[in-house]
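The next block holds one structure in the form of C-alpha cells; read it before the comments.
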Amino acid sequence: MNTNKHSLKISIIVSDLSSSGSGRWGGAVRPFLLAKALQKMGHQVKIFGLGFGVQTPQFSKDIPIVYIPSEYHSGIIDASKELISQIDGDILYAIKPKTTSFGLAIIKKLTSGCPLILDIDDWEMSWFGGDKWKFGFKPIKFIKEIVKEDGALRYPDHPLYLRWLEKFISYADAVTTHNTFLQKKFGGVYIPQGKDLELFNPSKFDPITCKRKYGLENYRVLMFPGAPRPYKGLEDLLEAMDLLQWEDLKLVIVGGSPYDDYDKYLQERWSKWIISIPPQPFEQMPEIISCADVMVIPQRKTPETIAQFPLKLTDAMAMAKPILATRVGDIPEVLQDTGYLVNPQSPEDLAQGIKTIFQGYQTAIDKGLKARERYFKYYSQEQMVFMLDQVIASLPLKK
C-alpha cells in the first residue's frame, strides 16, 4: 500500500536504542509502530539511535537499524557526530524532545535543509516535577557539572536540556503525539498506537493451547505486559488479589523492568500471585497475550500516567481480550464501554472489577470483541497510515 505519489526516505531518530530504551521490546514500542506504518505507505524507513548499554538489543528484522553504542557520560559527542553523518532521509522524524533525538535532528535539519517531524509520546519533564522544576542556576556549579567526568550536566537527559528543548518544539515542521494531554500541551496531530491487526489476530490462537505452552493452564490469568513501575499500579492490583484470596488467580508479568529492582520487590512481597515471563520477541506477543483471561492496566493517577498512553491497552483491544483498567488519562475515552473501568489507587475497586468479570465472563468476552472492533475503527495501523499521510503531505519537502 502506497498512499503517496513518491516513495521518500524517512529517518526515524530515537533517543536511546539500548535494551533499557527503545530497544527493550524489539518492535513493540512507538518508533517501530510508526516505522511499520510508514513502510506500509511505501516509504523507505530507517531507524537511527545511540545505544547506552553493554547489550545490543534484538531488533525487528523488517526495519533497517543504525545503532551507535555510546556511554552516557563520555564519548557521546563523537557517537552523535557519527550518527548524524549516517542520517540520510528526505524527512527527519525525531522521537521524543530529547537531546539525542530531537537535538540531533535539529542539527541535521540545519545542515541538510530536510523537514523535521517531532513525535511526543511522553511529557519528559513529568519525571522531574513538570513545570515546577527549577535548575537554580549558579555559574560555578554549572561549569563543574559539565566538566566533571560524572557531572550531572553530562547526562543527555538532564531536565535542564529537556526544558530547553521544549522551547524549540516550534522549530519542528510538524508535531505528532498520541494522547489528549500532550496534544493540548504541545499541539500537533494525533497519531494512534496502531498495531498490525493481521499479526494481532485472536482467531489465529487457541487460548487453552497457548496456556499449556507457557504452563498457565491451571490458572485464571491477569496479564500485564511491560515494565512494572510504581505509578503503573501493580501494587494496587496485588493488594486486590490479597483481598480476593483466589488460589488459582495469577498475575503474569511479561518482560519486567530493565530500569531497577522493582520487579524483585514485587516478587518478594507477592510471590504467591506473580508469574514472570521474560521479554519475548515482538512477533510472539500475540500468542502470549492470547493466554490472558483478563488484561490489566491499573494505572495510578500521576503526572507521568496522565501524559502517557499504555501500549498494553492497544495490545488488549487488538486481541479482543477482556480489559480491566483505571480511569486515568485517555484510557476511558479510548476504551469507553468495551472494557471495565475502575477508580485508580483503589484495591477494593480492582477486586470488585475482577469479581464482576469472572462472574459474567461471557459478557467480558463480548466486550473484548467490541474492543477489537473499536480499535480497528479508530486506532489501528490503517488509521496511523491515514493521519501520517496528511502530516507528510503538509511538509516543505526539498525540491
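Tabulated data for the structure shown
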{"quantity": "In the stretch 386-399, the residues that are buried (at least 19 other Cβ atoms within 10 Å of the Cβ) and either over 22 Å from the mean Cα position of the chain (by Cα) or at pLDDT below 95 (or both)", "calculated": "Ile392"}
{"quantity": "Residues located in the stretch 363-381, provided they are out of contact with any Phe, Trp or Tyr (no Cβ under 8 Å at 6 or more places or on another chain), touching a residue at least 60 places away in the same chain (Cβ under 8 Å) and not basic (Lys, Arg)", "calculated": "Tyr375, Phe376, Tyr378, Tyr379, Ser380, Gln381"}
{"quantity": "Residue match in the stretch 366-380 (condition: surrounded by fewer than 16 Cβ atoms within 10 Å (Cβ to Cβ), within 30 Å of Cys114 (Cα to Cα) and more than 24 Å from the chain's Cα centre (by Cα))", "calculated": "no"}
{"quantity": "Test set (1) of a type in the set (A, V, I, L, M); (2) open to solvent by 30 Å² or more (accessible area, probe 1.4 Å); (3) more than 20 Å from the chain's Cα centre (by Cα) - Leu199 fails condition number", "calculated": "(3)"}
{"quantity": "Test result for Gly75, open to solvent by less than 10 Å² (accessible area, probe 1.4 Å) and small (Gly, Ala, Ser)", "calculated": "no"}
{"quantity": "Test: residue in the stretch 213-225 that is within 30 Å of Ser276 (Cβ to Cβ), out of contact with any Asp or Glu (no Cβ under 9 Å at 6 or more places or on another chain), among the hydrophobic types (A, V, I, L, M, F, W, C) and not in a loop (DSSP other than H, G, I, E, B)", "calculated": "yes"}
{"quantity": "Any strands (runs of 3 or more DSSP E) falling wholly within the stretch 58-126 and containing at least 1 residues that are of a type in the set (Ser, Thr, Tyr) and modelled with pLDDT of 95 or more", "calculated": "91-95"}
{"quantity": "Filter result (of a type in the set (A, V, I, L, M, F, W, C), out of contact with any Phe, Trp or Tyr (no Cβ under 8 Å at 6 or more places or on another chain) and open to solvent by less than 20 Å² (accessible area, probe 1.4 Å)) within the stretch 106-134", "calculated": "Cys114"}
{"quantity": "Failed condition for Leu153, given (1) open to solvent by less than 20 Å² (accessible area, probe 1.4 Å); (2) touching a residue at least 24 places away in the same chain (Cβ under 8 Å)", "calculated": "(2)"}
{"quantity": "Of residues in the stretch 127-150 being in contact (Cβ under 8 Å) with a residue 60 or more places away in the chain and not in a loop (DSSP other than H, G, I, E, B), the one nearest to the chain's Cα centre (by Cα)", "calculated": "Trp127"}
{"quantity": "Selection count where residues are open to solvent by 50 Å² or more (accessible area, probe 1.4 Å), under 17 Å from Val385 (Cα atoms) and charged (D, E, K, R), scope the stretch 169-196", "calculated": "1"}
{"quantity": "Pick from the stretch 90-103, criterion open to solvent by 10 Å² or more (accessible area, probe 1.4 Å) and in contact with a Ser or Thr (Cβ under 8 Å, 6 or more places away or on another chain), ranking: farthest from Arg154 (Cα to Cα)", "calculated": "Lys96"}
{"quantity": "Cβ pairs under 6 Å, 6+ apart, first in the stretch 185-199 and touching a residue at least 24 places away in the same chain (Cβ under 8 Å), second part of a loop (DSSP other than H, G, I, E, B) and among the small types (Gly, Ala, Ser)", "calculated": "Gly194/Ser380; Leu197/Ser380"}
{"quantity": "Condition broken by Lys211, with the remaining ones in (1) open to solvent by less than 40 Å² (accessible area, probe 1.4 Å); (2) of a type in the set (D, E, K, R); (3) within 25 Å of the chain's Cα centre (by Cα) satisfied", "calculated": "(3)"}
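Listed here are the residues, each with its yes/no results for (1) charged (D, E, K, R); (2) under 17 Å from the mean Cα position of the chain (by Cα); (3) under 30 Å from Asp131 (Cα atoms).
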position: Glu283; (1), (2), (3): yes, yes, no
position: Met295; (1), (2), (3): no, yes, no
position: Ala320; (1), (2), (3): no, no, no
position: Gln336; (1), (2), (3): no, no, no
position: Val342; (1), (2), (3): no, no, yes
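Here's the yes/no breakdown for (1) under 24 Å from Leu197 (Cα atoms); (2) at pLDDT below 95; (3) hydrophobic (A, V, I, L, M, F, W, C):
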residue: Cys291; (1), (2), (3): yes, no, yes
residue: Val296; (1), (2), (3): yes, no, yes
residue: Pro303; (1), (2), (3): no, yes, no
residue: Phe309; (1), (2), (3): yes, yes, yes
residue: Lys312; (1), (2), (3): yes, yes, no
residue: Ala316; (1), (2), (3): yes, no, yes
residue: Lys321; (1), (2), (3): yes, no, no
residue: Gly329; (1), (2), (3): no, yes, no
residue: Pro332; (1), (2), (3): yes, no, no
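Here is a yes/no grid of residues against (1) in contact with a strand residue (DSSP E or B) (Cβ under 8 Å, 6 or more places away or on another chain); (2) open to solvent by 60 Å² or more (accessible area, probe 1.4 Å):
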| position | (1), (2) |
| --- | --- |
| Ala227 | yes, no |
| Leu243 | no, yes |
| Trp246 | yes, no |
| Tyr265 | no, yes |
| Ser276 | yes, yes |
| Asp293 | yes, no |
| Pro298 | yes, no |
| Lys301 | yes, yes |
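The values are calculated or read from the model by the stated rules, or taken from the named source; none is laboratory data. Please read all numbers here as calculations on a predicted model, not as lab measurements. Methodologically, a virtual Cβ is constructed for each residue, glycine included, from the backbone with ideal geometry; neighbour enumeration extends over all protein chains shown. Only protein heavy atoms, including side chains, enter the accessible area calculation; ligands, DNA and RNA are left aside. Shrake-Rupley method; radii C 1.70, N 1.55, O 1.52, S 1.80 Å.
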